[in-house]
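Here, each number is a calculation from the coordinates, and none is a lab measurement. Since the structure is predicted, the reported quantities are computational estimates derived from the model, not experimental observations. For neighbour counting, all protein chains shown are included, and Cβ atoms are generated from backbone atoms with ideal geometry for every residue, glycine included.
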Amino acid sequence: EDSFKYSESILCEWKKQDKYDEIVKKCTNKDGKSEFILGSLTLFDGDIENAAIYFDSAAEEAAADDIRLKARSLYELSKCYIYMEQFDKAEETIARMTQLFDKKENKDYLIVLNMWLCYDVVAMPNGFSKAVSVMKETYEIARETDYNEIERVLEMLAKCYMFNAEVVKSMNTYIEALDIAKTNDNKEMIIRISSGIASESAALGNNEEA
């Protein structure tokens, strides 16, 4: 099965149904997927240190060509290090994750991981600035690879600018994202971006514009 299906909602359901032991018994293969699932279960239970061990093992055991599993495992490992305030290890793990993506066809998944990552790095020293850096790099990757929802990347960059108190850059980026969303007739993103613009305008006291 696809190990990425084990989202928090599914883990909650397993816990309610006392299925943990049953699932753990099935996780015996040393292929990265079992370790990833065990890491997810362990992290969900709040055992961050042992979750990190599982995710590190998942990254090592995954097949060489299974970039998604290796990268997702390293992403989860970096989160564990951030939770444990081992920031140097987190930085090293993020670098390991990024280095996996040396081919254009794999980079769509790096864009997704980076958009998740920007929420995590804010817990690091100079976190809001780091989030901006992550998303600026992600935007460049999205441009280079003709990512099909570049407006989503720009919306996230606008949020990062806002939380880093770079208000003018934030608003300009929101407007750029909105223009692209309208061109692409991306109704979901038009609503999201418009809401972001309204929220930022209201926070700045521009109630009429909001």
Starting from the 7 Å offset along Cα-to-Cβ, what nm value, one decimal, do you get for the label separation of residue 106 and residue 122? 3.0
Phi to ³J(HN,Hα) by Karplus 6.51 cos²θ - 1.76 cosθ + 1.60 over segment 37-54, Hz, x for Gly, Pro: 5, 5, x, 4, 4, 5, 5, 4, 7, x, 8, 5, 4, 6, 4, 4, 4, 5
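Rounded if a/c is under 1.5, else prolate if a/b is larger than b/c, else oblate: which is segment 140-210, with a ≥ b ≥ c the root eigenvalues of its Cα gyration tensor?
Verdict is oblate for segment 140-210.
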Distance between Cα centroids, segment 156-206 to segment 62-132: provide it in whole Å. 25
Interchain or long-range residues, amide H under 5 Å from residue 66's placed H: none
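Which entries in the list 79/182; 33/107; 33/103 go over 32 Å, if you measure between the two C-alpha atoms of each?
79/182
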FRET efficiency for residue 95 and residue 163, using Cβ-Cβ distance with R0 set to 25 Å, rounded to 0.05: 0.60
Ordering of 148-155, 84-91 by packing [mean C-beta count within 10 Å, highest first]: 148-155, 84-91
Ordered by residue, what ³J(HN,Hα) values in Hz, to whole numbers, does segment 150-166 give under the Karplus form 6.51 cos²θ - 1.76 cosθ + 1.60, where θ = phi - 60° and Gly and Pro are x? 5, 5, 5, 5, 5, 4, 5, 4, 4, 4, 5, 4, 4, 5, 8, 6, 9
Please say if segment 57-210 is rounded, prolate or oblate, where rounded means a/c under 1.5 for a ≥ b ≥ c the square roots of the C-alpha gyration tensor eigenvalues, and otherwise the choice is prolate for a/b larger than b/c and oblate otherwise? oblate
